[in-house]
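Student: Could you have a look at this structure, given as structure tokens, before my questions?
The values are calculated or read from the model by the stated rules, or taken from the named source; none is laboratory data. Small disclaimer: the values here were computed from a predicted structure and weren't measured. Ideal geometry is used to build each Cβ from the backbone, glycine not excepted, and the neighbour counts take in all protein chains shown.
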Amino acid sequence: MFKTKKVKPETEAAGRSFTSSEISEMTGVSLRQLQWWDEQKVVSPRHEGHKRVYLAEEAVEIAVIAELRRKGFSLQKIRQVLRFLQKEMGKRLAEILSAESEWHLITDGKTIFLEDDNQRIIDLFKNSDQPMFLVCVTDQARRLGVAVPGAARKPVRKEVSGTARKARAV
């Protein structure tokens, strides 16, 4: 047969990519679940032949989705969380990670907060009328081995009003 030159995808050069098997092993999400999420356009990876190849930010999205599913959130609510993060922040989930803070996703199922100030997180929990759920987005990225800029050093404290991101009722 003919030998072809293997071309390295340009997205791999920019960051690490993961196969479905690697994602499944790291997040505890079954291969079938990953396939279904792809079919339902929850997280759509790149396709190379019959293989699914996930970028680092998609891996973080899957880890957050898996955590919310374990906490009992429906896929419909999770889609709303992802839409909020992508629309309101104007970026994909892993791209919101900054060198100076740890980001936490907090929701009660109706309202979504994306917060990087520990005191505000405590205030949200104190002032809540119903149970709140928290997922540390930065920790999910670290657990997956996704590069988080400045993750090795202690976050710098900067008090800037209005850094909390809040969504309308879902």
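Student: Filter the stretch 1-40 for residues that are over 21 Å from residue 140 (Cβ atoms) and of a type in the set (Lys, Arg); which is modelled with the highest pLDDT?
Tutor: 32
Residue-by-condition table, conditions (1) over 18 Å from residue 28 (Cβ atoms); (2) modelled with pLDDT under 85:
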{"residue": "67", "(1), (2)": "no, no"}
{"residue": "74", "(1), (2)": "yes, no"}
{"residue": "86", "(1), (2)": "yes, yes"}
{"residue": "91", "(1), (2)": "yes, yes"}
{"residue": "95", "(1), (2)": "yes, yes"}
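Student: A further question follows. Looking at the stretch 113-134, which of its residues are at pLDDT below 90, crowded, with 17+ Cβ neighbours inside 10 Å and not in a loop (DSSP other than H, G, I, E, B)?
Tutor: Result: 113, 114, 115.
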